[in-house]
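Enquirer: Below is the structure I would like to discuss, written out as structure tokens.
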Amino acid sequence: MNPAAPTLPGGDAPRPGKRPVGRRVVLVGALLVVAALWLAREPIRQAVALRLILANPAPNPAALAEVLSQAPDPTAALLAAWESGGIVHRQAALARVPSVFGTDKPWPEAVETMILRAARDPDHDLRRRALGLLRDRKHPACMLAIQAQLRDVDPDLRLLGLQHARYLDAETAATMAVPLLDDPDPTVQALAIKTVERLAGTSFGVRLSDTIPTRTDPNSLPQPRAGAAEKLAQGAAQARAWWAAHRPQRPSMLPDADSFLPPPMFPPAPDFTLPDLDGRPVRLRDFRGRVVLLNFWTTWCTACQEEMPALNALHERLGKEVAILGISLDFVPDEHGDIGGHAHHEETGAEEAAHAGSGEARPTTKAIAAKVRATVRRRGLRYPVLLDEHNEAGGMYQGGELPTTVIIDAQGCVRRRFIGARSPETFAAMIAEARQPVNPSRPQSR
């Protein structure tokens, strides 16, 4: 006979094996939370990765592209990258547009505005990409974006505008090109003449090859060919005469790009601190109140050294008002993984000569710094040169395609970023532009 079960107060006996209901609810709830976190682990990881890489002022471009491609909401991700203001981020945002929207999926209003802003961006790489996007979509604002380039102080952008004008009808393209028949840049002038030729259906005696400059001095920018100016002047005169006699009776009225395109963004310039050739730290923010020109270069870059005389002259003329900082990227590996350039490019100092005979596979930091100092002495550079050993500034400003120049205004905003050498006149025009306060509705034009 079994003993009687114990009785709880109130007369009820407990049932063996029965757990309290509250504990079961807590256990089930905890399991549900764990399951939810497990299912959401990938979106959470992607959100964290996006936030971290957007906070990095110098992310690896390939890593950034991968994070954007894996974002659950690709449109929101590319807009977040654009709004971050980072140079690398904004380039990645625009590069993602074809992948996200293809050739026919409509652009959301925010994305369209981003592309239209990019068409007049301080970063010339963004302008080129934006023009391509607008052209491929046959967007109605493409003509306005082209017109904005044709009015720019930089001849490279005026040339870009004329190159895209060939996708417009011949009459509109010629109407745009006529004001450039007297352009001071030979290549722009020649392409303007060829654009009017397309409408005229006759030759004005100019070939684009006539404008290819030749190098008479290895230490300076290439110069126009002999006789090219006279041939261009004759061709421009013929084009103007044809236009005066045959221009359309009711020429197309070209709308003002400034009135219809949204104003460009002028993002804040990311700060950095780098040592100069004597090891003293130089901070970008210490130049606030002055226009700053950053010039990224290496000792083995021919184009970089060609424009050094122009920068020297600019420093002599405007040194008190404009800070020119040369930033050496000799420490950064090139596409082959080499550091410090190749042997046939090097301007060797005593320390390099010792290194060359040491049998080391890679140059030392000391040897690279010595090579930079030797180049500065040989070229007679009178503006400060900084050493970017860890690609700090180079990564922030995408300075690896050489030479890259960034112009920052006195308020610390990026006003220009472009690749390639420029003439002293173009540098001066860009600096004068950067001195002007930003008017959102009327950006500076030529």
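Every number in this text was worked out from the coordinates using simple rules, so none of it is lab data. This structure is a prediction, so every number in the text was calculated from the model and none was measured. Glycine also receives a Cβ, built like all others from the backbone with ideal geometry; neighbour counts cover every protein chain displayed.
Enquirer: Quick one: if you stick a label point 7 Å off each Cα along the C-beta vector at A170 and E316, how many nm between them?
Expert: 4.9 nm
Enquirer: Rank the residues S84, S209, S423, S328 as a footprinting-exposure proxy: fewest other Cβ atoms within 10 Å of their Cβ go first.
Expert: If I rank by nearby Cβ atoms, fewest first, I get S209, S423, S84, S328.
Enquirer: Over what distance in Å are the Cα centres of region 401-430 and region 166-245 separated?
Expert: Here the two parts' Cα centres lie 25 Å apart.
Enquirer: Just to check, using Stokes-Einstein with a Kirkwood Rh over alpha carbon pairs, what's the diffusion coefficient of region 30-118 at 10 °C and 1.306 mPa s in µm²/s?
Expert: 114 µm²/s
Enquirer: Also, I was wondering about something else. Over region 30-118, what is the relative contact order in percent, taking alpha-carbon pairs closer than 8 angstrom and at least six residues apart?
Expert: Worked out over region 30-118, it gives 23 percent.
Enquirer: Moving on. Starting from the Cα of K105, draw a straight line to each of the lysines and keep only those under 21 Å, dropping any in the same chain fewer than 8 residues away.
Expert: Answer for K105, where 21 Å is the Cα cut-off: K138, listed by chain and number.
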